[in-house]
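Report on one structure; see the data block that follows.
The values are calculated or read from the model by the stated rules, or taken from the named source; none is laboratory data. Computed from a prediction, not measured in an experiment: that's the story for all the values here. We place every Cβ from the backbone using ideal geometry, glycine too, and count neighbours over all the protein chains shown.
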Amino acid sequence: MSKLTTNPTVLQWIDEKLDLVKPDKVVWIDGTTEQLKALRQEACASGELLKLNEELLPDCYLHRTAENDVARVEHRTFICAENAELAGPTNNWMDPAEAYELLYGIAKNAYKGRTAYVIPYSMGPVGSPFSKAGVELTDSIYVVLNMAIMTRVGKAVFDALGDSDDWVRGLHCRCDIDEKKRYICQFPQDNTIISVNSGYGGNVLLGKKCFALRIASYQGWKESWLAEHMLILGVENPRGEVKYICAAFPSACGKTNLAMLIPPESYLKKGYKVWCVGDDISWIRKGPDGRLYAINPENGFFGVAPGTNEKSNPNALASTKKGTIFTNVVLNNQNNTVWWEGLDKNPPTDAVDWKGRPWNGMESAEKGAHPNSRFTAPAVNCPCISSEFENPAGVPISAFVFGGRRAKLAPLVYQAFDWNHGVFVGSIMASETTAAASGAVGVVRRDPMAMLPFCGYNMADYWQHWIDIGATLNDGKAPKIFNVNWFRKNDDDAFMWPGFGDNLRVLQWILDRCDGKADAVETPIGFLPHAEDIDLEGIEDEVSLDDLRAMLDVDPALWLSEADGIAAFYAKFDGKVPGEMQAALDALRAKLA
Ligand code: OXD
Ligand code: MN
């Protein structure tokens, strides 16, 4: 079949890699509806996909991964840069020459008896100045069909690329799904990703974490832009003006829910709307007017299924009703649909669990869906998708919001004093582990800007890059920076803030601050709201003004001990932490003392 491009750098790389992996057949993905339809049929025939109820879930499919291959594997993820310092103390590092030898050894003849798929894809709308191209070579039809949802695939990508060498090389080999030989390697200096022995989304949909965060963060460093683990949402006020917010949270903090939130009743009545531009990744550049603009480089949502329901996130649920691939959820035999824990209170009794075993939801002690089971849903399905989703110029950012899960420490919301202090606030992001993760509960995991597993270079250089970007923004043009904590608990260990749609009340204060409309109290950690300035209309029975005051309390003793934790974390960077941030830490301690 036609090779879809004459780009010599693409043709040479593909030839070399095909010579290595030795497929029986090569298919170039042109992205046409007919081709994708035929591939879905083929995947159903081979059993890789299972077609779901066409009436209830049109064009939807179920896939099950190997039992040992259900999540990202941070301990097997490597930044293969020239030296260990480039990767920094928070990344696993492998020497590039050593890594290529190891990985090519594993990939040798890995496609024997299989088909090679060449997927040209664009992160960002094709032709946008923000966008970048990638080519993924894979032996997995599941990868092809997921990439066709999560990114823009097809010939148009090659047409836009022309003969340029600026594209990311991605080689994926399923091999034997052997955990001991599983490697997810990024070579930021070579624009290259190699992923072997996995078939799980986060490890093999190379456009997502591997490219759009690890490789792109490095590209952004070199090219003066930012690739961030951030959702993008627009808040439309009753006058029809929309302001955009980018927000970063570690896993399990409700990022997809916030990105698609439904305003509380009182806000809906007034005419507020929330629009989703993206739920996971932002690429951010300075625009012609000197402000920062963001695009969502993805084209779909790779969301966690368990816990997604009509109440927690009706927009995400609606997004999964057509053209969606479900991975590792329950198959309901009764009507050939899917189910997961937290979808509703009626688990199917005649079903198949994520491991492919018969499952009765009323009787089984085991969970039916894997806790990290996923839906891959087209963004266009989302009822609140922003009209700016495809805008090649992106959306202007008013505020950056960082957040984490802290039972006692962080107040509901606070604002950084200025840009550099905001970078400090992002760098001290941390979350306490929940019962959902393995290991001890309540342990603080430091996750600067939610980029810990995704920063493709030394985190200290990344912080400096943030400071440098800020220095290019004129006063008044830089987004304001905030931190939120939806997870504060009272002495009875109960959550104090209702969360979900009510989080808009906090976003409203944030946007009022950006507009210079809300006052604040200066504290050692930043500017805090007056409790009266958070709108509680409609939830006064649930949250009193005194509750709110308690959520806004800053305990100096807790913060002093937090400062010790931050200092210990900074110490890992061997003196590379930018002076501005060290100074912010010193100032925090001095103010608290
Ligand atoms: C994700 C993650 O899957 O951050 O988006 O783990
Ligand atoms: Mn993510």
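No other residue among 513, 549 is among the basic types (Lys, Arg) and crowded, with 16+ Cβ neighbours inside 10 Å apart from 513. You will find that of 460, 450, 430, the residue that is within 16 Å of ligand 1 (Cβ to nearest atom), farther than 18 Å from residue 282 by Cα, among the small types (Gly, Ala, Ser) and crowded, with 20+ Cβ neighbours inside 10 Å is 430 and no other.
For residue 159, the requirement of being assigned to a loop (DSSP other than H, G, I, E, B), modelled with pLDDT of 95 or more and not assigned by TED's automatic domain parsing to the domain that holds residue 397 is not met. Whenever a residue of the range 226-241 is away from ligand 1 (no atom under 16 Å from the Cβ), its partners that are aromatic (Phe, Trp, Tyr), lying with C-beta atoms within less than 6 angstrom and at least six residues away or across chains, give the pairs 234/244; 234/275. Please state which one of 143, 135 is of a type in the set (A, V, I, L, M), away from ligand 1 (no atom under 16 Å from the Cβ) and in contact (Cβ under 8 Å) with a residue 60 or more places away in the chain. Criteria check complete, one pass: 135.
If you check residue 104 against the conditions, is it in the same structural domain as residue 185 (by TED's automatic domain parsing), more than 22 Å from residue 227 (Cβ to Cβ), in contact with a Gly (Cβ under 7 Å, 6 or more places away or on another chain) and in contact (Cβ under 8 Å) with a residue 40 or more places away in the chain? No: the conditions fail for residue 104.
Could you say whether any residue in the range 160-176 is touching a helix residue (DSSP H, G or I) at 6+ places or on another chain (Cβ under 7 Å) and within 16 Å of ligand 1 (Cβ to nearest atom)? Among the residues of the range 160-176, not one is touching a helix residue (DSSP H, G or I) at 6+ places or on another chain (Cβ under 7 Å) and within 16 Å of ligand 1 (Cβ to nearest atom), which makes the answer no. When 420, 372 are screened for being farther than 22 Å from residue 210 by Cα and crowded, with 17+ Cβ neighbours inside 10 Å, only 420 passes. Of all residues in the range 129-156, those satisfying the criterion of being hydrophobic (A, V, I, L, M, F, W, C), closer than 13 Å to residue 172 by Cα and not in a helix (DSSP H, G or I) are 135, 137. Any residue in the range 210-219 that is outside any helix (DSSP H, G or I) and more than 15 Å from ligand 1 (Cβ to nearest atom)? No, there is no match, as no residue in the range 210-219 is outside any helix (DSSP H, G or I) and more than 15 Å from ligand 1 (Cβ to nearest atom).
Contact map, the range 279-290: residues that are not assigned by TED's automatic domain parsing to the domain that holds residue 319 and of a type in the set (Phe, Trp, Tyr) paired with residues that are away from ligand 2 (no atom under 14 Å from the Cβ) and part of a strand (DSSP E or B), Cβ distance under 7 Å, separation 6+ or inter-chain. Pairs shown: 283/294; 283/295. Consider the range 227-281 and keep the residues that are part of a strand (DSSP E or B) and within 11 Å of ligand 2 (Cβ to nearest atom). The one that is surrounded by the fewest Cβ atoms within 10 Å (Cβ to Cβ) is 248.
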